[in-house]
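Peer 1: So that we are looking at the same thing, I have put the structure below in structure tokens.
The values are calculated or read from the model by the stated rules, or taken from the named source; none is laboratory data. Being a predicted model, the structure only gives us computed values, none of them experimental. FYI the Cβ positions are ideal-geometry reconstructions off the backbone, even for glycines, and counts take in every protein chain you see. Ligands, DNA and RNA are excluded from the accessible area calculation, which covers all protein heavy atoms including side chains. Shrake-Rupley method; radii C 1.70, N 1.55, O 1.52, S 1.80 Å.
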Amino acid sequence: MARASTKENKNIYHKTRESLQLTRETASELLQSITPERIEKIENERSLPHPDEVRVMAEKYKQPGLCNYYCANQCPIGRQYVPEVKIKDLSQIVLEMLASLNSMSRQKERLIEITVDGKITGDELQDFIHIQEELEGISVAVETLQLWAEQMLANGMIDRAQYEACKRKRIKD
């Protein structure tokens, strides 16, 4: 067995591979399309991973959060538009989502008042920004729930065939 790295401040790709107790060589075999040398460059931050490499790592390592991490932190466009989300317990996700939805429920009348004329005036701007932040909170909660579901599917905690059948059925209905 290869010895574990003693490097401090390992990046997420390095930590993920080591948490699976894979050497770069065995990881390369699992990933099929990424060489050990390329893995080393990514882990030592001498090169950023390509989106397709992250997607392969996320799938083969069964860590869908790698895709969100890449988009939120390394993709030039995603850094501006994609919030980083962390997997949480389902109960925490649901409670945060309900809190955000309840807050928005109270704010919806104000949002209508602000936007009815199609413009936002100076005296409306503070309230509009607050509502915008509440909506961003809902968006992050939804993304967190999606990531949780993807992680449960990857780990086999949710039956993929049954999940996909249910989704197809809902689309038809």
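Peer 1: For n ≥ 4 DSSP H runs only, could you compute -39500 (n - 2.57) per run for the chain, divide by its residues and tell me the 222 nm figure to the nearest 500? Show your work: numbers first, answer last.
Peer 2: Values: 9 runs with 120 residues, N = 173.
Computed mean residue ellipticity for the chain: -22000 deg cm²/dmol.
Peer 1: Another question about this same structure. Quick one: compute the contact order of region 24-173, relative version, from alpha carbon pairs under 8 angstrom and 6+ residues apart, as a percent. Don't skip to the end; give the middle numbers.
Peer 2: Numbers: 110 pairs, mean separation 31.1, N = 150.
Answer for region 24-173 is 21 percent.
Peer 1: Just report the Cα centroid separation between region 39-59 and region 5-25, whole Å.
Peer 2: Between the Cα centres of region 39-59 and region 5-25 lies a distance of 12 Å.
Peer 1: Another question, then. So for region 36-173, taking the charge dipole from beta-carbon charges (+1 Lys/Arg, -1 Asp/Glu), which of 99, 70, 146 sits furthest toward the positive end?
Peer 2: 146
Peer 1: A further question on this structure: I'd like the projected area of the chain, averaged over all directions, using the convex hull of its alpha carbons. Report it in nm² with one decimal.
Peer 2: 14.6 nm²
Peer 1: Taking all protein chains as present, what is the carbon and sulfur share of the accessible area of region 28-173, in % to the nearest whole number, probe 1.4 Å? All intermediate terms of the calculation are to be shown ahead of the outcome.
Peer 2: Values: 5280 of 9840 Å².
The nonpolar share, carbon plus sulfur, comes to 54 percent.
Peer 1: Considering the dipole of region 8-64 built from charges on the beta carbon (Lys and Arg +1, Asp and Glu -1) around the Cα centre, which of 47, 61, 32 is farthest to its positive end?
Peer 2: My answer, from the dipole projection, is 61.
Peer 1: Can you work out the FRET efficiency for the pair residue 105 and residue 155, with r the C-beta to C-beta distance and R0 = 30 Å, to the nearest 0.05?
Peer 2: Numbers: r = 34 Å, r/R0 = 1.14.
Efficiency for this residue pair is about 0.30.
Peer 1: According to a simple spin-label model (label point 7 Å from Cα along Cα-to-Cβ), what is the distance in nm between residue 37 and residue 87?
Peer 2: 3.3 nm
Peer 1: Return one whole number: the accessible area per residue of the chain in Å², for a 1.4 Å probe. Don't jump to the answer; show the numbers that get you there.
Peer 2: Working: 11830 Å² over 173 residues.
Normalised by residue count, the accessible surface of the chain is 68 Å².
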